[in-house]
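Heads up: the structure comes next, in structure tokens.
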Amino acid sequence: MDSQGLQNTHVKLLAFDILSLTQTRSLPSSSSDSITFSRKGIQISRVEAVGVVVSRELKPDRFLRFSIDDGTGCMQCVLWLNQLNSPYFSRRCPSDVRLIAQMASTFSTRVQLGLLVRVCGRVSEFRGLLQITVDDVVVEKDPNSEILHWLDCIKMARKHYDVLASKLM
């Protein structure tokens, strides 16, 4: 497996790992995003994280910015709510856009201070800081979910992510 092996997989990581991802600027002629992220040489574009919501800022019909804390650090997350008036979505089927907007609105109501949430999304940068551009939010009902996520992260790092990295070196 090459360095692109985890590019489109939701990689389970702790905040410490997400915040320590290395940024690399692609060549201007590249067709992919201009910034890529990597962990020990393995490119990562999507992550899964679990933590307690510690801040929440809602800009109606624009975005919900929130932070989650998993005990190793705080991760900034952004959930876009502007699908109905964004030029990015104007090329898509209107019924699909309405469905995406409805899902984003539902997700935004789930994110409340003090709740334990599982977030899946794309790693991005805003004003020099890493953030997760959220695709999915699930409120965890079991308080053990956070520690189980920690254990999954450790297991995946030891048995898979770090093994891939060592093969590259």
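Under 25 °C and 0.890 mPa s, how fast does segment 51-169 diffuse according to Stokes-Einstein, given a Kirkwood radius computed over C-alpha pairs? Answer in µm²/s, whole number.
154 µm²/s
What net charge do the residues around Leu81 carry, taking every other residue with its C-beta under 10 Å from that of Leu81, with Lys and Arg at +1 and Asp and Glu at -1?
Taking every Cβ under 10 Å from that of Leu81, the sum is +1.
Counting only residues 5 or more places away or on other chains, whose amide H sits under 5 Å from the amide H of Arg46 once H atoms are built in the peptide plane?
Amide H neighbours of Arg46, under 5 Å, 5+ apart: Thr9, Val11, Val123.
How large is the convex hull of the C-alpha atoms of segment 117-165 per residue, in Å³?
In segment 117-165, the Cα hull volume divided by residue count equals 101 Å³.
Could you let me know the centre-to-centre spacing of segment 70-86 and segment 111-143, using Cα atoms, in angstrom?
What the calculation gives is 6 Å, centre to centre.
So, counting K/R as plus one and D/E as minus one, what does the shell of residues with Cβ under 14 Å around Ala49 add up to?
Local net charge: -4.
Translational diffusion coefficient, Stokes-Einstein: compute it for segment 86-148 using the Kirkwood radius over C-alpha pairs as Rh, at 25 °C and 0.890 mPa s, and state it as an integer in µm² s⁻¹.
Calculated translational D: 177 µm²/s.
Pop out the carbon and sulfur fraction of the accessible area of segment 56-169 as a percent, whole number, probe 1.4 Å.
Ligands and nucleic acids excluded, carbon and sulfur give 56 percent.
The values are calculated or read from the model by the stated rules, or taken from the named source; none is laboratory data. Please read these numbers as outputs of a predicted model, since none were measured by experiment. We place every Cβ from the backbone using ideal geometry, glycine too, and count neighbours over all the protein chains shown. Surface accessibility is based on the protein's heavy atoms, side chains included, excluding ligands, DNA and RNA. Shrake-Rupley method; radii C 1.70, N 1.55, O 1.52, S 1.80 Å.
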